[in-house]
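The next block holds one structure in the form of structure tokens; read it before the comments.
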Amino acid sequence: MLSKVRTCVLNGIEGVDVEVETDISIGLPNFNIVGLADTSIRESKDRVRAAIKNSGYQFPISRITTNLAPANVRKEGSHLDLPIALGIMKSTGEIRGEISEMAFIGELSLDGKLKRIDGALPAVLYLKKSGVRRVVVPEENKREAGVVRGIEVIAPESLGELVGYLNGESDIDPYTCELARPRSLLGLDYSEVKGQLAAKRAIEIAAAGFHNMIMIGPRGSGKTMLAKRIPSIMPEPTFEECLEMTNIYSVSGLLGESCLISERPFRSPHHTVSSAALSGGGINPKPGELSLAHKGVLFLDELPEFKKPSIEVLRQPLEDREINISRVNGKTKYPCDIMLVAAMNPCPCGNYGTTKNCSCSQFQVDRYISRISGPVLDRLDIHVEVGRLEYEELEGEMVSESSERIKKRVERAREIQKERQGEGVYNSRFSTDQVKRYCALDSETKKIMKEAFKAMGLSARSYDKIIKISRTIADLAEEENIKRDHVLEAVQYRSLERKYWR
């Protein structure tokens, strides 16, 4: 008897329909799985056999052929255990209920328990888009799967419980995850940061327009402290953004007990991280730090200490906002729409340009700075210098502005962008046509830009960056048009290139 069970596999975070066809015929006992299956699926034969027997059902002593259609798409992952087992049981008549309108994903243990899988959320999202109205997932995956609206999520603990449900012998209530936005327990706030008004202003502009930035300053000046508080002033993510972030953490196996990532991520990898760990990859590609920071902040502290390939791998993702991983078996794509924040000392000893004596020669300083190539620096919109604090600033009574107040201004600027450009189109992401449409300059501001272009030797990319930053500054000031002061402030955020990368 022939049976068909619906499921899917993932390529990155995108789903691909898979139909598990099972045929049981007379012949020597044999169990074959065909259809371009990887090792983990071929090994499922033993897991499926043991799970069916240990759940109290008969495993057929016949010739079993399981085909994973379409046969030209490579399938990988232990989540096909469950549909393979159900295909066999449907063919033998153990399952009497109708299952053609349902989809199934789940790994089986030898005792028939359903085990947690990676990527349940993107799989359920894809199945919903494909028209499935009911999906079965392991009980441990029910929280993330229950986030998806418009599809019934059935989450049994074991194969036996599921078969009883399919045969109408027992009930399993559909699961829906109640969403809540927990507040961050870190309690990081800009009110704790003394002084550094210029750096805070640059960070506010960067957060408002989702601009990449780099902070340059001596050791101990507060660059890391400033960067770690950036999420505290960023607007709350939309539900769609939360789903995108959760998809990535789900396929990475990093979701834990959360049903939804509801806060913008802040990723800060060590400078010894490899280029593959940053971009993602592996035999079975997984997201890297760039994708794990999607819709949030990727902070690279001590940027020149990173290996050259790790720095250069940033080029394409910062432009395209996605990672393309090519393998012999095909290509995998992960999103990485990030706000990159980098920090660095001006020299190896960290004292260059301060009242302390710098122990580095000019050659050492130049070599250290040159580790950041021009093309990478060009992709960092805002360059800001973070100076060493004076004693009076540390012990002064001046109260620093709180993150809450800064966040309100950032949110207002984002609202202006949304009204003008639509959801999710930040100023930093403008295309050439959008720059012309939304960043018109009058004669006075054009004259300033012309002088800056010639005096600073700007590239076309740097020129565009300054205009986009000017647009963000105007939005923070709630001005409809870009004015002289906005451009002058934006120009200064590209001046460090001449000071350090001369």
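Of the residues Glu423, Glu393, Glu411, Glu401, which is in contact (Cβ under 8 Å) with a residue 60 or more places away in the chain, farther than 30 Å from Lys194 by Cα and of a type in the set (Asp, Glu)? If you could, list the steps in order and put the result at the bottom.
On the way: Glu393 fails: farther than 30 Å from Lys194 by Cα; Glu411 fails: farther than 30 Å from Lys194 by Cα; Glu401 fails: farther than 30 Å from Lys194 by Cα.
Criteria check complete, one pass: Glu423.
Any residue in the range 297-315 that is over 30 Å from Arg367 (Cα atoms), part of a strand (DSSP E or B) and not hydroxyl-bearing (Ser, Thr, Tyr)? Outline the logic, then answer.
Narrowing the range 297-315 to residues over 30 Å from Arg367 (Cα atoms): none.
For the range 297-315, residues over 30 Å from Arg367 (Cα atoms), part of a strand (DSSP E or B) and not hydroxyl-bearing (Ser, Thr, Tyr): absent.
Would you point out the residue of the range 107-159, among those that are surrounded by fewer than 21 Cβ atoms within 10 Å (Cβ to Cβ) and of a type in the set (Gly, Ala, Ser), that is farthest from Ser44 (Cα to Cα)?
Gly150
What's the number of the only condition in (1) more than 30 Å from Cys349 (Cβ to Cβ); (2) surrounded by fewer than 23 Cβ atoms within 10 Å (Cβ to Cβ); (3) within 21 Å of the chain's Cα centre (by Cα) that Arg267 fails to meet?
(1)
Between a first residue in the range 95-123 that is outside the structural domain of Ile84 (by the TED database) and a second residue that is among the aliphatic types (A, V, I, L, M), which pairs have beta carbons less than 7 Å apart while being 6 or more apart in sequence or on different chains?
Partner pairs satisfying both residue conditions: none exist.
Do the conditions hold for Arg42, that is, is it under 34 Å from the mean Cα position of the chain (by Cα) and more than 19 Å from Ser109 (Cα to Cα)? Let's see the steps before the verdict.
Working: under 34 Å from the mean Cα position of the chain (by Cα): yes; more than 19 Å from Ser109 (Cα to Cα): no.
The answer is no for Arg42.
Pull up the range 451-462, narrow it to residues that are surrounded by fewer than 17 Cβ atoms within 10 Å (Cβ to Cβ) and touching a helix residue (DSSP H, G or I) at 6+ places or on another chain (Cβ under 7 Å), then point me to the one that is nearest to Arg437 (Cα to Cα). Quick ask: steps written out before the conclusion?
Our first condition is that a residue be surrounded by fewer than 17 Cβ atoms within 10 Å (Cβ to Cβ); within the range 451-462, this holds for 451, 453-457, 459-461.
Checking which are touching a helix residue (DSSP H, G or I) at 6+ places or on another chain (Cβ under 7 Å) leaves us with 453, 456, 459, 461.
Details: Phe453: 21, Met456: 25, Ser459: 21, Arg461: 17 Å.
Per the criteria, the residue is Arg461.
Identify all residues within the range 322-331 that are in a strand (DSSP E or B) and either over 14 Å from the mean Cα position of the chain (by Cα) or surrounded by fewer than 19 Cβ atoms within 10 Å (Cβ to Cβ) (or both); write none if there are none. Working first, answer last.
As a first pass, look at the range 322-331 and keep what is in a strand (DSSP E or B): 322-327, 330-331.
Listed by number, the residues that qualify are Glu322, Asn324, Ile325, Ser326, Arg327, Gly330, Lys331.
Go over the candidates Lys418, Lys468, Lys483 one by one and state the one that is in the same structural domain as Pro235 (by the TED database) and either within 27 Å of the chain's Cα centre (by Cα) or under 17 Å from Ile205 (Cα atoms) (or both).
Numbers: Lys468 fails: in the same structural domain as Pro235 (by the TED database); Lys483 fails: in the same structural domain as Pro235 (by the TED database).
Answer to the selection: Lys418.
Condition first: at pLDDT 90 or above, outside any loop (DSSP other than H, G, I, E, B) and either of a type outside the set (Ser, Thr, Tyr) or closer than 19 Å to Leu226 by Cβ (or both). Now tell me which residues in the range 332-364 satisfy that.
Residues satisfying the conditions are Lys333, Pro335, Met339, Leu340, Val341, Ala342, Ala343, Met344, Phe363, Gln364.
Scan the range 445-487 for residues that are of a type in the set (A, V, I, L, M, F, W, C), under 22 Å from Arg414 (Cα atoms) and touching a residue at least 24 places away in the same chain (Cβ under 8 Å) and jot them down. Spell out the reasoning first.
Narrowing the range 445-487 to residues of a type in the set (A, V, I, L, M, F, W, C): 448-449, 452-453, 455-456, 458, 460, 466-467, 469, 473-474, 476-477, 482, 487.
Pick out the ones that are also under 22 Å from Arg414 (Cα atoms) and you get 466-467, 469, 473-474, 476-477, 482, 487.
Ile466, Ile467, Ile469, Ile473, Leu476, Ile482, Val487, listed by residue number.
Answer yes if at least one residue in the range 300-321 is under 16 Å from the mean Cα position of the chain (by Cα), outside the structural domain of Glu139 (by the TED database) and aromatic (Phe, Trp, Tyr), and no otherwise.
No, there is no match, as no residue in the range 300-321 is under 16 Å from the mean Cα position of the chain (by Cα), outside the structural domain of Glu139 (by the TED database) and aromatic (Phe, Trp, Tyr).
Go over the candidates Leu290, Leu278 one by one and state the one that is of a type outside the set (Lys, Arg) and touching a strand residue (DSSP E or B) at 6+ places or on another chain (Cβ under 8 Å).
One residue alone meets the criteria, Leu290.
Test Arg388 against the stated conditions and say whether it is charged (D, E, K, R) and within 15 Å of Leu303 (Cα to Cα).
Working: charged (D, E, K, R): yes; within 15 Å of Leu303 (Cα to Cα): no.
Answer is no for this residue.
Among the residues in the range 345-361, are any under 30 Å from Glu241 (Cβ atoms), crowded, with 18+ Cβ neighbours inside 10 Å and in contact (Cβ under 8 Å) with a residue 40 or more places away in the chain? So that I can check it myself, show each step before the final result.
From the range 345-361, those under 30 Å from Glu241 (Cβ atoms) are none; that's our starting set.
There is no residue in the range 345-361 that is under 30 Å from Glu241 (Cβ atoms), crowded, with 18+ Cβ neighbours inside 10 Å and in contact (Cβ under 8 Å) with a residue 40 or more places away in the chain.
Can you say whether Ser250 is in contact with a strand residue (DSSP E or B) (Cβ under 7 Å, 6 or more places away or on another chain) and of a type in the set (Gly, Ala, Ser), as far as the supplied structure shows? Show your work before the answer.
Details: in contact with a strand residue (DSSP E or B) (Cβ under 7 Å, 6 or more places away or on another chain): no; of a type in the set (Gly, Ala, Ser): yes.
No; evaluated as a whole, the condition is false for this residue.
Residue check: is Arg201 free of Cβ contacts under 8 Å to residues at least 24 places away in the same chain and part of a helix (DSSP H, G or I)?
Values: free of Cβ contacts under 8 Å to residues at least 24 places away in the same chain: yes; part of a helix (DSSP H, G or I): yes.
Answer is yes for this residue.
Among the residues of the range 232-250, write down those that are surrounded by fewer than 21 Cβ atoms within 10 Å (Cβ to Cβ) and part of a loop (DSSP other than H, G, I, E, B).
Pro235, Glu236, Pro237, Thr238 - these are the residues of the range 232-250 that are surrounded by fewer than 21 Cβ atoms within 10 Å (Cβ to Cβ) and part of a loop (DSSP other than H, G, I, E, B).
The values are calculated or read from the model by the stated rules, or taken from the named source; none is laboratory data. This structure is a prediction, so every number in the text was calculated from the model and none was measured. Positions of Cβ are generated from backbone atoms using ideal geometry, with glycine treated the same way; all protein chains shown enter the neighbour counts.
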